[in-house]
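All remarks here apply to the structure that follows.
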Amino acid sequence: MKHLQRPVRRALLVVHVAVSVSWLGLSVGLLTLGLIAYRTQDPSLTQAAYRAMKVFADWLLGPVALVTLGSGLVLSLGTPWGLARHRWVWIKFWITVATATATVFALRPEISHAAAAGVPDSSLVAAPIVSTTAYLFMTAISVLKPWGLTARGRRLRGSATRRAPRTSGAAREGQFS
């Protein structure tokens, strides 16, 4: 894929960060509601918490998960980071795929079931703990960018170095801004 133009890349980065942070916030909100529903002795509060979770699950979780995945995929393919060049990007991609899949196919149906039953459910505490941990981990590796290149990234960098003419460091740095 051709590299994105700077204004497009920056706009897409803002979208990606915004929806990713939204997904983290939704997860923390679901955790709070799940804890309230599980710990209270008031059946009407349990029912209300699960109904609120259902609103988030039905209207926000799926779209936010898909926009996060889509914007991250386009960013990785349209920038020098690449999808499979750097371990942190590759790991983030697969965690996002796993959490988006779990959100759409496991969490949403479980929330719907709990909202209908109104009975405390420990899985609706555990799932948001796992997802919040995953999103915080992905945030950390996005900032820290650990682990270096993948084997594919090393191969691509090696072939690019052999093909590219020698230029000054300033010229090379400017080519991706």
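The values are calculated or read from the model by the stated rules, or taken from the named source; none is laboratory data. Please read these numbers as outputs of a predicted model, since none were measured by experiment. Every residue, glycine among them, receives a Cβ derived from its backbone with ideal geometry; neighbour counts consider all protein chains shown. Keep in mind that these areas ignore ligands, DNA and RNA; they rest on the heavy atoms of the full protein, side chains included. Shrake-Rupley method; radii C 1.70, N 1.55, O 1.52, S 1.80 Å.
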Quiz item: For region 109-130, does any single residue satisfy the condition of being among the β-branched types (Val, Ile, Thr), open to solvent by 40 Å² or more (accessible area, probe 1.4 Å), touching a helix residue (DSSP H, G or I) at 6+ places or on another chain (Cβ under 7 Å) and assigned to a helix (DSSP H, G or I)?
Solution: yes
Practice problem: Pick out the one residue from Thr46, Thr79, Thr101 that is of a type outside the set (Phe, Trp, Tyr) and part of a loop (DSSP other than H, G, I, E, B). | Solution: Thr79
Practice problem: Taking only region 131-158 into account, find how many residues are closer than 22 Å to Ser27 by Cβ, of a type outside the set (S, T, N, Q) and open to solvent by less than 60 Å² (accessible area, probe 1.4 Å). | Solution: 5
Quiz item: Which of the residues spanning region 24-66 are aromatic (Phe, Trp, Tyr) and in contact with a Leu (Cβ under 8 Å, 6 or more places away or on another chain)?
Solution: Tyr38, Tyr50, Phe56
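Matching residues to (1) modelled with pLDDT of 95 or more; (2) under 16 Å from Trp23 (Cβ atoms); (3) out of contact with any strand residue (DSSP E or B) (no Cβ under 6 Å at 6 or more places or on another chain); (4) not basic (Lys, Arg):
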{"residue": "Ala48", "(1), (2), (3), (4)": "yes, no, yes, yes"}
{"residue": "Lys54", "(1), (2), (3), (4)": "yes, no, yes, no"}
{"residue": "Leu60", "(1), (2), (3), (4)": "yes, yes, yes, yes"}
{"residue": "Thr68", "(1), (2), (3), (4)": "yes, yes, yes, yes"}
{"residue": "Leu75", "(1), (2), (3), (4)": "yes, yes, yes, yes"}
{"residue": "Ala84", "(1), (2), (3), (4)": "no, no, yes, yes"}
{"residue": "Val89", "(1), (2), (3), (4)": "yes, no, yes, yes"}
{"residue": "Phe93", "(1), (2), (3), (4)": "yes, yes, yes, yes"}
Quiz item: Would you pick out the residues in region 50-76 that are more than 20 Å from the chain's Cα centre (by Cα) and open to solvent by less than 70 Å² (accessible area, probe 1.4 Å)?
Solution: Tyr50, Ala52, Lys54
Quiz item: Taking the condition closer than 21 Å to Gly148 by Cβ and out of contact with any Pro (no Cβ under 6 Å at 6 or more places or on another chain), does Thr101 pass?
Solution: no
Quiz item: So is Val89 open to solvent by less than 20 Å² (accessible area, probe 1.4 Å) and among the aliphatic types (A, V, I, L, M) or not?
Solution: yes
Practice problem: May I ask you to list pairs of residues, at least six apart or on different chains, whose Cβ atoms are under 6 Å apart, with the first in region 110-128 being farther than 16 Å from Leu61 by Cα and at pLDDT 95 or above and the second being charged (D, E, K, R) and in a loop (DSSP other than H, G, I, E, B)? | Solution: Ala114/Asp121
Quiz item: Looking at (1) open to solvent by 40 Å² or more (accessible area, probe 1.4 Å); (2) in a helix (DSSP H, G or I), which is the one condition that is false for His3?
Solution: (2)
Quiz item: Of the numbered conditions (1) open to solvent by less than 60 Å² (accessible area, probe 1.4 Å); (2) closer than 22 Å to Pro120 by Cα, Thr79 satisfies every one except a single condition; which is it?
Solution: (2)
Self-check item: Flag for Arg9 being out of contact with any Pro (no Cβ under 8 Å at 6 or more places or on another chain), open to solvent by 40 Å² or more (accessible area, probe 1.4 Å), closer than 16 Å to Ser123 by Cα and in a helix (DSSP H, G or I)
Solution: no
Practice problem: Name every residue in region 23-49 that is within 12 Å of the chain's Cα centre (by Cα) and surrounded by fewer than 17 Cβ atoms within 10 Å (Cβ to Cβ), in order of residue number. | Solution: Gly25
